[in-house]
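Participant: Below is the structure I would like to discuss, written out as structure tokens.
The values are calculated or read from the model by the stated rules, or taken from the named source; none is laboratory data. What you see is a predicted model; the values in this text were computed from it and never measured. All Cβ positions, even for glycine, are placed from backbone atoms using ideal geometry, and neighbour counts span all protein chains on display. Quick note on the areas: whole protein, heavy atoms, side chains included, nothing else; ligands and nucleic acids left out. Shrake-Rupley method; radii C 1.70, N 1.55, O 1.52, S 1.80 Å.
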Amino acid sequence: GDQVEQSPSALSLHEGTDSALRCNFTTTMRSVQWFRQNSRGSLISLFYLASGTKENGRLKSAFDSKERRYSTLHIRDAQLEDSGTYFCAAEAGGGSGNKLIFGTGTLLSVKP
Amino acid sequence: DPKIIQKPKYLVAVTGSEKILICEQYLGHNAMYWYRQSAKKPLEFMFSYSYQKLMDNQTASSRFQPQSSKKNHLDLQITALKPDDSATYFCASSQGQGAGNQAPLFGEGTRLSVL
């Protein structure tokens with residue numbers, strides 16, 4: 001079936017550094033959503049993209065508009081509160097409705 | 001104020017028992033969903049409903065039965081509970097199904113432990 005491959009699985013950053021997470025899709029996807037799951041297990045929606053890029057503060061996400069087979073999440077000037085598990089989730093569309101296929105997550109740890 | 005309410009937040013059950021997980025949304029959305037997150041696994045889609053009708057079912061076991069008594073409710077009944085059912089169950093909703101609809105919003109989840 002349709003799959004979402006997320007990398008890296010774990011990432012350790014020092015405060016103030018930049019990095020990027022990536023999700024590859026085995027098929028063309030209609031949209032992508034990025035989440036952060038905090039230590040209490042709550043899912044916080046960061047971005048929803050049907051195409052192009054979106055930016056919010058130190059976070060920026062892009063969805064390949066041409067082939068629609070990958071998305072990235074850039075973290076600039078990482079802060080301690082950015083720690084958590086990040087998930088991408090893609091929507092295949094068509095007969096799939098709004099069913100989201102989640103990646104395996106990136107465990108981000110930001111250290112002083 | 002939370003717009004998607006899941007109850008209870010935590011639930012402990014014994015093997016073989018039956019539980020109902022509650023989900024209510026106050027967003028006026030027409031589509032609702034259930035996802036499951038088992039330990040160390042990504043979230044997995046279970047069901048989707050649109051206008052109180054089942055649209056998609058990716059759950060192999062009939063022990064999991066969604067129940068929609070009202071348009072803004074989608075409860076999940078789980079019978080004959082097994083330890084493998086232990087997981088966090090997330091409810092979500094969206095304006096509708098199909099292209100051009102907004103992203104689904106997720107509730108806080110119900111963490112189920114089956115002993």
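Participant: If I take R0 = 41 Å and measure r between the Cβ atoms of B:A80 and A:H14 in this structure, what FRET efficiency does the formula 1/(1 + (r/R0)^6) give, to the nearest 0.05?
Facilitator: On the way: r = 49 Å, r/R0 = 1.20.
The value I calculate is 0.25.
Participant: Normalised by the number of residues in chain A, what is the relative contact order in percent for Cα pairs under 8 Å and 6+ residues apart? Mind dumping the intermediate values first?
Facilitator: Details: 290 pairs, mean separation 40.9, N = 112.
Relative contact order for chain A comes out at 36 percent.
Participant: Give me the dipole magnitude in Debye, nearest 20, for the protein assembly as shown about the Cα centre, with unit charges on the beta carbon: positive for Lys and Arg, negative for Asp and Glu.
Facilitator: On the way: 26 positive and 20 negative charges, 48 e Å.
Dipole of the protein assembly as shown, to the nearest 20 debye: 240 debye.
Participant: Same structure again: In the range A:1-105, carbon and sulfur make up what percent of the accessible area (probe 1.4 Å)? Walk me through the intermediate numbers first.
Facilitator: On the way: 2120 of 4780 Å².
Carbon and sulfur atoms account for 44 percent of the accessible area of the range A:1-105.
Participant: Tell me which residues come under 5 Å, amide H to amide H, from B:A13 once H is placed; ignore anything under 5 positions away on its chain.
Facilitator: Sorted by chain and number, the residues that satisfy this are B:S113, B:V114, B:L115.
Participant: Right, next: For the pair B and A, how large is the buried accessible area, both sides, in square angstrom to the nearest 100, if the probe is 1.4 Å?
Facilitator: Numbers: alone 6470 and 5960 Å², together 10840 Å².
By this definition, chains B and A bury close to 1600 Å².
Participant: Output ³J(HN,Hα) for the range A:79-92: one whole-Hz value per residue in order, computed from phi by the Karplus curve 6.51 cos²θ - 1.76 cosθ + 1.60 with θ = phi - 60°, and x for Gly and Pro.
Facilitator: Values, residue by residue: 10, 4, 6, 7, 4, x, 9, 9, 10, 9, 9, 10, 10, 6 Hz.
Participant: Over what distance in Å are the Cα centres of the range B:32-60 and the range A:56-112 separated?
Facilitator: Between the Cα centre of the range B:32-60 and that of the range A:56-112, the gap is 20 Å.
Participant: Counting Lys and Arg as +1 and Asp and Glu as -1, each charge on the Cβ, what is the dipole of chain A about the Cα centre in debye, to the nearest 20? Don't skip to the answer; put the middle values down first.
Facilitator: Working: 13 positive and 11 negative charges, 37 e Å.
Rounded to the nearest 20 debye, it is 180 debye.
Participant: I've got another one for you. Filter the cross-link list B:K3/B:K70; A:K54/B:K40; B:K3/B:K82; A:K60/B:K9; B:K7/B:K70; B:K9/B:K70 down to pairs whose alpha-carbon distance in this structure exceeds 26 Å. Write out the running numbers ahead of the final one.
Facilitator: Values: B:K3/B:K70 16 Å; A:K54/B:K40 29 Å; B:K3/B:K82 31 Å; A:K60/B:K9 32 Å; B:K7/B:K70 16 Å; B:K9/B:K70 21 Å.
Exceeds cut-off: A:K54/B:K40; B:K3/B:K82; A:K60/B:K9.
Participant: Check each residue of the range B:3-42 and keep those whose accessible area, probe 1.4 Å, is at least 10 Å² smaller with all protein chains in place than in the chain alone; give them in order of residue number.
Facilitator: Those are B:Y33, B:Y35, B:Q37, B:P42, which lose 10 Å² or more relative to the chain on its own.
Participant: What size of dipole, in debye to the nearest 20, comes out for chain B about its Cα centre when the only charges are +1 on Lys and Arg C-beta atoms and -1 on Asp and Glu C-beta atoms?
Facilitator: Working: 13 positive and 9 negative charges, 16 e Å.
Using Cβ point charges on Lys, Arg, Asp and Glu, chain B gives about 80 debye.
Participant: Can you give the accessible area per residue of the range B:29-102, in Å², using a 1.4 Å probe?
Facilitator: Values: 3380 Å² over 74 residues.
On a per-residue basis, the range B:29-102 sits at 46 Å².
Participant: Go ahead and set up a Gaussian network model of chain A, Cα springs under 10 Å, then flag whichever of A:R69, A:R36, A:R58 fluctuates most.
Facilitator: A:R58
Participant: For a Förster distance of 45 Å, can you work out the FRET efficiency between the beta-carbons of B:I5 and A:K66, rounded to the nearest 0.05?
Facilitator: Working: r = 40 Å, r/R0 = 0.89.
Once the sixth-power term is evaluated, E becomes 0.65.
Participant: Which GluC sites (Glu not before Pro) does the range B:1-95 hold that lie in a coil by DSSP with at most 16 other beta carbons within 10 Å? If you can, show how the numbers build up before the last one.
Facilitator: Working: sites: B:E18, B:E24, B:E44; in loops: B:E18.
Within the range B:1-95, the qualifying GluC sites (Glu not before Pro) (loop, at most 16 other Cβ atoms within 10 Å) are B:E18.
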